Amino acid sequence: MQDAGAKILIVDDAAAIRRALRTSIERKTGWKVCGEAENGKMAVDMVRELDPDVVVLDLSMPIMNGLEAARHISALAPRTRMLMFTLHAQPELVRLAQKVGICQVISKSEGLDSGVVDAIQSALAA
């Protein structure tokens, strides 16, 4: 998948996290954040509408969590790459995430700048 001009969808219930991710992604890359969602249900609807290349999902969100959203997104858009950006990056979660089609789980404790951008780069190269 080509990464120049890649479309990224950010999904997190915290507006401050979405804003920080958008700033980090757009400042460091040629990628475009095509949308933001605050829950998994919105994410599924936006994937259908926007056809992003990569979706960055939080785990804990209202209405539909990140794992459930990933299940729906995998069925709806199997070529869309998914990453999980969460506080809960334990081995069991990584296993569950991979099972539903998430390529990588990034801990929020690693920070926004390099961890997410590097993970998106890897997902686009896969």
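Brief remarks on what is shown
- In the chain, the calculated helix contribution to ellipticity at 222 nm averages -14000 deg cm²/dmol per residue, counting -39,500 (n - 2.57) for every DSSP H run with n ≥ 4.
- Gyration tensor verdict on segment 56-126 (Cα atoms; rounded if a/c is under 1.5, prolate if a/b is larger than b/c, oblate otherwise): oblate
- Seen from a random direction on average, the alpha-carbon convex hull of segment 35-81 projects onto 2.7 square nanometres.
- Reference-scaled alpha-carbon Rg (2.2 N^0.38 Å with N residues) for segment 7-125: 0.91
- Distances between placed amide hydrogens fall under 5 Å for Val55 paired with Leu9, Arg81, Met82, Leu83, all partners being 5 or more residues away or on another chain.
- Mean Cβ count within 10 Å, highest first, over the residues of peptides 59-70, 13-24: 59-70, 13-24
- Segment 64-80 - phi-based ³J(HN,Hα) in whole Hz, Karplus 6.51/-1.76/1.60, Gly and Pro as x: 8, 6, x, 5, 5, 4, 4, 4, 5, 5, 4, 6, 6, 9, x, 8, 6
- With neighbour counts taken as other beta-carbon atoms within 10 Å, the residues Asp12, Asp118, Asp53 rank, fewest first, as Asp118, Asp53, Asp12.
- Contour minus Cα-Cα distance for Lys28 and Asp51 (0.36 nm per residue): 6.1 nm
Readers should treat all values here as calculations from the given coordinates under stated rules, not as data from a laboratory. All of these numbers come straight from a predicted model, not from anything done at the bench. Note that each Cβ is placed from the backbone with ideal geometry, even for glycine, and that neighbours are counted across all protein chains shown.
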